[in-house]
Each structure stands twice: as structure tokens, then as C-alpha cells.
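What follows is calculated from the coordinates using simple rules that are stated; it is not laboratory data. Since the structure is predicted, the reported quantities are computational estimates derived from the model, not experimental observations. In this analysis, Cβ positions are derived from the backbone assuming ideal geometry, glycine residues included, and neighbour counts consider all displayed protein chains.
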Amino acid sequence: MKDVVRGLTPLALHADRGLSLVRGEGCYLWDQEGRRYLDMMTNYGVNILGHGHPAVNAAVVAQLEQLTNAHQSFDTPARRDFLEALAALLTPALSRISFANSGAESVEAALKYARVSTGRTTVIAMHRAYHGRTFGALAATSEAKYREPFTPMLPGFRHVPFDDLDALEAAMDDTVAAVIVEPIQGEAGVRVPADGYLAGVRARCTARGALLILDEIQTAFRTGAPCAFSATGADPDILCLSKGIANGLPMGVTVTTEVVGERIPKGSHGSTFAGNPLVCAAGAATLRVLADPELHLRVRRLGAAFLGQLRALQRPEIREVRGRGLMVALELKRPATALIKALQDRGVLTLPAGATGIRFLPSVLIDERQLGEAADVLAGAISDAADHRHL
Ligand SMILES: Cc1ncc(COP(=O)(O)O)c(C=O)c1O
């Protein structure tokens, strides 16, 4: 769908999906022809409560009429409300926070805070990691296709295999400021590490005086617990959140322990729009819905059933099905682009996960019937694509 407005053409940074989306409600999106799509991607997991959630909409509209922006040196009730809502979901050890407008910015702050609070410069990140596209976040991201066009990278970053504690141990030394890791790797295709891995990373960081940065930008609130690290014993020194926290409005936060926070010099980091009252209102309303423990139990149950449905497809074209909660990927033996397109043509929107994966990051308010519909459409599309030798 060519998108030229008075001579301005967006850079061709993303594959064109050929749709113009005009409206969203709950788990559905509509295109300009009035066709409805089941949204199993929610723009990389952003609309975690679906589109047009009434509580979030009401909070945003009310805030819009009161105050949309204020310099961060002023207190605002919306920001206080957001802080209260987030604090209720985090361990008390995470007590300091700064605001950002995106995931990459949240990671950028985390890396800066790790350096300044430890006085060290090295950062260890993982193979296949994705942390965003700004220069700091990009240096932690591992894929060559994102890095190579923009070399040289920020120095001081080492990459080790994910889910490999021996490799991590071998890379640790007294120059390491932090280890940054996604509790479940998202862009890499929903890679869930072995039980005990995150606790092992935590222990190695503690032993070496390095900080643990957990990037929960994709995992938070969709794996059946508020954070994916919740029951792992791997409490971070720095936690990055973004994507779903304001249900579609651009927001990120970097949360630190007191020890880290008190070493960050006043005025050393910030961003004009970050933590503005409008996004805080959206964030507070979103987090209040996500505070319901029943919701996380439901995510666990629905996710397990959906994983079961995908695994039961038992098609020879499928290599593996992975996931936890409502963060799921299906890995094919061949490139997935044709199948993603076929699903879209059948009214189901999904994301790629690497070259051969299809990723599902639906709203956590999706229901059993809608997940069943996605699984059925997928089964039909795989079978058709296989018949036409597209897989
Ligand atoms: C784990 C993780 N970290 C960071 C980012 C970057 O977030 P953003 O695209 O908002 O900059 C993403 C985005 O996909 C992500 O999945």
C-alpha cells in the first residue's frame, strides 16, 4: 500500500503489509475496506488490553481535558498515580524510576545507569538478543543486520550464548558493569531458557559485583505473572519496561534498586516528553487492570491451551512450538513470510520471529474462542500452503 503524502514517502524500513488500518476494538482491527482482523500481534505486544479499552480510554480522555504535558521538575497527579500503580506490581527492592518514551530509550538509560553506578564499562549481552535500535541498545542487540549498516558500534559490549551459564561465567571479569538479558528472548523467536538460568545469571552478577539488567519490554504482563522473572529468584538491579505499559501510548520506564539509583547523578539523564501526564494516565489505567492476579492465572491457562492446540497440529512443516503464557512462536522448517501473508488474507494478523518463525503476542484479554479461531485458521493456512508448495 503506497503511502505518499504530498511528496513525503516513509523510508522503506519495514515490509509493507498492504493494509490500511483504520479502527480497533478489543482483539480486532478493521481496514479501510471494513474487513475485520483478529489481532494476534498487537504491534509487538503493545495493546496488551486490546484496542480501545474503556478504562484506558476514559483515563486518557479525562487527562487530555486536564493537562497533557508538564516539565518533569513539577509533580503531577497523573505521574503520582502511575507510580503508585506500578509500585503495586513490583518487588519493593525496585524503588527508583526514570521515564522514557520507548523500549530502546528505557534500555539506553539502563546502560548509562549501570556504567555510572558501578564505575565499570563492560556490558555482557546475549546472542540473538534484541534491545532496540538506538546506539546503546543496538550495541547490546546481537543481529548483524541491525548492527552492520551503522558500525562502529559503541565499544565495551560482549555477546555470549543465551541460556549458557558456563559461557557467561567465562566472559565475566571485574570490568563488567552489567549483564543485560531478556527473561524470554522475544525477537529471537520466543526462546524460553532452562529453569534456573536466570537465577544462575543473577548469582554470577552478584559474585562479580556486576548489575543484572532485565529487559522485560516484551515479556512483562503476558507470561502468566506481572514480570517473567517474578518466580525465578533473579531479582534485577535494573528493570526495563515499555510496550504494553500504557496500552498503546508511547511510554517506557527504567526502574532501579535504591543502591543503583542513589549513584546516578542528578540531571545526568532525561527526555522532554518522558513521563508526561497523558501517558501516565494511560499507564496507570493499564496497570490497574493488569494488577488483577486472576488475569495472570487466566493468561497462564489460555496460553497453555493455545500452545497445546499448536503442538497438536503435528504438521511436518512445523519444527517447534515455543512459549509461555500469551507469548508464543511457531517455528517452521522454511521461511514463514508466505504463511504470515496467508494468515493475514484469512483475517489473522501475526508477526515474524526470525526468518522461519511466526509470533503471537495477542491482548491478554483475548478469549478461548478467539485463540481457537487463530489456531484453526493457522491449521487451514498451513495445509493450503503445503498443498501449493509454499512451505
Ligand atoms: C526485549 C525488547 N527490548 C527492547 C525493545 C525496543 O523497544 P522499542 O521498539 O520501543 O524501542 C524491544 C522491541 O521489540 C524488545 O522486544
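Observations, loosely collected:
- Here the contact order of the chain, divided by its residue count and restricted to Cα pairs under 8 Å and six or more residues apart, works out to 22 percent.
- Most mobile of ASP16, ASP195, ASP215 in a GNM of the chain (Cα contacts under 10 Å): ASP16
- Likely footprinting exposure, GLU143, GLU148, GLU187, fewest C-beta neighbours within 10 Å first: GLU148, GLU143, GLU187
- Here the chain is treated with +1 on each Lys and Arg Cβ and -1 on each Asp and Glu Cβ, and its dipole about the Cα centre works out to around 440 debye.
- Cα-based reach from LYS333 at 20 Å (exclusive), listing lysines while leaving out same-chain residues under 8 positions away: LYS341
- Among THR175, ALA246, ILE48 the positive-end extreme of the charge dipole of the chain (Cβ point charges): THR175
- The range 54-290 - share of DSSP beta bridges that are antiparallel (%, nearest 5): 40
- Taking the helices alone, the chain has a mean residue ellipticity at 222 nm of -10500 deg cm²/dmol, built from -39,500 (n - 2.57) per DSSP H run of at least 4 residues and averaged over all its residues.
- Residue exposure sequence - PHE135, PHE157, PHE229 - by fewest surrounding Cβ within 10 Å: PHE135, PHE157, PHE229
- Charge dipole of the range 270-338 about the Cα centre (unit charges at C-beta), most positive-ward option of GLN309, VAL279, VAL328: GLN309
- Look at MET327, MET126, MET153 and count the other Cβ atoms within 10 Å of each Cβ; fewest to most, that gives MET153, MET327, MET126.
- Alpha-carbon centroids, the range 93-144 and the range 42-65: separation in whole Å: 27
- Across the options ALA15, ALA110, ALA78, the greatest Cα extent toward the positive end of the charge dipole of the range 1-112 (unit charges at beta carbon of Lys, Arg, Asp, Glu) belongs to ALA15.
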